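Visitor: Starting off with a structure, shown below.
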Amino acid sequence: MDTYRRLCTEYYDLSKPQAPPDAVDFYLRLFPASQGPALEPMCGSGRFLIPFLERGIDIDGVDGSPHMLDACHRRCRDKGLEPVLYQQLIEELDLSRGYDFVLIPAGSFGLIIDRAAAAEALRRLHRHILPGGRLILQIETPFAAPPDLGRWHQGRLPRPDGSELVFNALPTYDPAEQLQHDTHRYEVVRDGLVVQSEVEYLSIRFYRPDEFRRMLEDAGFTDIRVSAASRDDPPNDQDPTVVFRCRAVGDCRCISPERGPLTSSPLNVADASPVRLP
Ligand SMILES: C[S@@+](CC[C@H](N)C(=O)[O-])C[C@H]1O[C@@H](n2cnc3c(N)ncnc32)[C@H](O)[C@@H]1O
């Protein structure tokens, strides 16, 4: 992946150390106590994963970014938590375990901007859900497009060593394609000098709820419900984010909720040094 690299991860964790409590409560409420294993694809550095783990929930994480996974690994270890984390793209998801509950919060799914890859990601998610299990997924609608397009925005945060992490973002929006394209520049500034920098080009696809419902149906999901984000009410027609809840009916190739022979090695926080996966 050429996004969510080292400085991006650092800025993410400094600016968003914890998930919004109302969003965590909302997703926890959707997870019944009797439910089997859970998975958070695109778990990043774990701000949603950690509150689930802290409640003793059997939840695994997957992410494409080794930097975000390293941060997740570290944050979990600091709290004495030992999740199983996999480095995979979800359009290539291939795990040996089936899950009852799969959660993708924070609009992350929109980061897969290629339509065919997004459809494949949904099919792969469906194949990892045990019969009757649920996918809960938040997406952003075209009303999430930022108002201040075409000009640079800046954020600056102090780092523990006294230097500063400066973030500059230039968003643009293509309404016909429902795609936001951002240029991001991260710079570590020490004593007035830029000592490290990173540039990323990150795009996000927005979906109209009716369009995303059809994609879920095409991937085999049933019992599809859409609500406003973090609430149970139906969305209004200008909500910037909505949450889909749906069920998988049973083409799960991972017949067991047990962890079988692994098709991909897990990154386990018990390992003292971070492991790079192939
Ligand atoms: C906005 S962050 C959200 C992380 C976490 N859910 C949170 O709320 O903090 C999106 C995450 O998705 C991951 N990601 C982006 N595209 C991906 C893909 N195709 N497959 C797997 N992970 C991906 C990124 O590495 C990043 O960690």
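No lab work stands behind these numbers, since they all come straight from the coordinates. Because the structure is a prediction, the values reported are computed rather than measured. Quick reminder, even Gly has a Cβ in these numbers, built from the backbone with ideal geometry, and neighbours come from all protein chains shown.
Visitor: Working carefully through the options G36, G133, find the one that is part of a strand (DSSP E or B) and under 25 Å from D223 (Cα atoms). Working first, answer last.
Guide: Details: G36 fails: part of a strand (DSSP E or B).
Testing whether each residue is part of a strand (DSSP E or B) and under 25 Å from D223 (Cα atoms) leaves just G133.
Visitor: Hey, another quick one. I'd like the residue in region 10-38 that is surrounded by 18 or more Cβ atoms within 10 Å (Cβ to Cβ), farther than 28 Å from S96 by Cα and among the hydroxyl-bearing types (S, T, Y) and, out of all such residues, is farthest from the ligand (Cβ to nearest atom).
Guide: The residue in question is Y11.
Visitor: If you take the residues in region 76-94 that are within 11 Å of the ligand (Cβ to nearest atom) and not aliphatic (A, V, I, L, M), which one is farthest from the chain's Cα centre (by Cα)?
Guide: Ranking the candidates gives E92 first.
Visitor: Name every residue in region 136-168 that is within 17 Å of V189 (Cα to Cα), surrounded by 13 or more Cβ atoms within 10 Å (Cβ to Cβ) and among the polar types (S, T, N, Q), in order of residue number.
Guide: Hits for region 136-168 are S163, N168.
Visitor: Taking into account only those residues within region 177-200 that are among the aliphatic types (A, V, I, L, M) and more than 25 Å from the chain's Cα centre (by Cα), which is surrounded by the most Cβ atoms within 10 Å (Cβ to Cβ)?
Guide: For region 177-200, the residue satisfying everything is V188.
Visitor: Additional query: For region 111-130, check the following and say yes or no: at least one residue is assigned to a strand (DSSP E or B) and under 26 Å from D100 (Cα atoms).
Guide: yes
Visitor: Within region 17-69, track down each residue that is touching a helix residue (DSSP H, G or I) at 6+ places or on another chain (Cβ under 6 Å) and not aliphatic (A, V, I, L, M).
Guide: Once the filter is applied, which keeps residues that are touching a helix residue (DSSP H, G or I) at 6+ places or on another chain (Cβ under 6 Å) and not aliphatic (A, V, I, L, M), region 17-69 yields E40, P41, C43, G44, S45, G46, P51, G61, D63, H67.
Visitor: A follow-up question, please. Can you tell me which residue is farthest from R75 (Cα to Cα) among those in region 39-58 that are more than 10 Å from the ligand (Cβ to nearest atom) and crowded, with 24+ Cβ neighbours inside 10 Å?
Guide: Here the residue is L39.
Visitor: If I go through region 95-110 residue by residue, how many of them are part of a helix (DSSP H, G or I) and either more than 8 Å from the ligand (Cβ to nearest atom) or more than 23 Å from T241 (Cβ to Cβ) (or both)? I'd like the intermediate steps shown before the answer.
Guide: Just the residues of region 95-110 that are part of a helix (DSSP H, G or I), to begin with: 108-110.
Restricting the remaining residues to those that are either more than 8 Å from the ligand (Cβ to nearest atom) or more than 23 Å from T241 (Cβ to Cβ) (or both) gives 109-110.
So the answer is 2.
Visitor: Right, another one. Outside any strand (DSSP E or B), in contact (Cβ under 8 Å) with a residue 24 or more places away in the chain and charged (D, E, K, R) - does that describe any residue in region 140-158?
Guide: Checked against the condition, which is being outside any strand (DSSP E or B), in contact (Cβ under 8 Å) with a residue 24 or more places away in the chain and charged (D, E, K, R), region 140-158 yields no hits at all.
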